[in-house]
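Only one structure is covered here, and it is reproduced in the block below.
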Amino acid sequence: EECAALRSSAIMSSAAALNTEPAASNGQPSSMTLQFAIDTTIQQHEPNGWPYTAYRILTTYQGQTFAVHRRYKELRALHEQLKPFCPALPNAFPLWPNILNRFAPEVIAYRQVHITAYLRDVLVALQGEPVPPVLR
């Protein structure tokens, strides 16, 4: 079965959630909700001293939260790894690299919101499909 089409609309918050099972009988989300958020960014340095921005991505599933730091370049690579599992993904990573002003606060904030939206859209596109190994 082919992945569902991705939504192209931008979101206005930096949190995303996907319910993996129906809501509980009281109408509240179940404990199986998968959520993403980017709560902070930090500037790190490559071994050669070049700076880059790392985004702290929080993943919450079944009440447990996990945090990882990922840079834009790693998320672009993840996109390439996901394409074989989800043909509905756009051919190119949907965020422009913005190399010249990548440290500008507005660029970092824009990426923060849209990286979260991208992760949410990937999960929506994979709804009902096995989770690819690259996401485990």
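The values are calculated or read from the model by the stated rules, or taken from the named source; none is laboratory data. A quick note: this is a predicted structure, and the numbers were derived from the prediction, not measured. All Cβ positions, glycine included, derive from the backbone under ideal geometry; neighbour counts span all protein chains shown. Areas reflect the complete protein model, heavy atoms only, side chains present, ligands, DNA and RNA absent. Shrake-Rupley method; radii C 1.70, N 1.55, O 1.52, S 1.80 Å.
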Residues in segment 69-97 reached by a label modelled at Trp50 [backbone nitrogen below 16 Å; 7 Å Cα→Cβ]: 71-77, 97
task: Pick out, from Gly128, Leu82, Pro94, the residue whose Cα sits farthest towards the positive end of the charge dipole of segment 34-129, with +1 on the Cβ of Lys and Arg and -1 on the Cβ of Asp and Glu.
output: Pro94
statement: With the 8 Å Cα cutoff and a minimum separation of six or more residues, segment 34-129 has a relative contact order in percent of 23 percent
query: Percent of accessible area on segment 34-129 owned by carbon and sulfur, 1.4 Å probe?
result: 57 percent
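Determine the gain in length on full extension of the stretch Gln62-Thr40; use 0.36 nm per residue of separation and subtract their C-alpha separation, reporting nm with one decimal. Show your work: numbers first, answer last.
Numbers: separation 22, 0.36 × 22 = 7.92 nm, distance 2.23 nm.
Difference between extended and current length: 5.7 nm.
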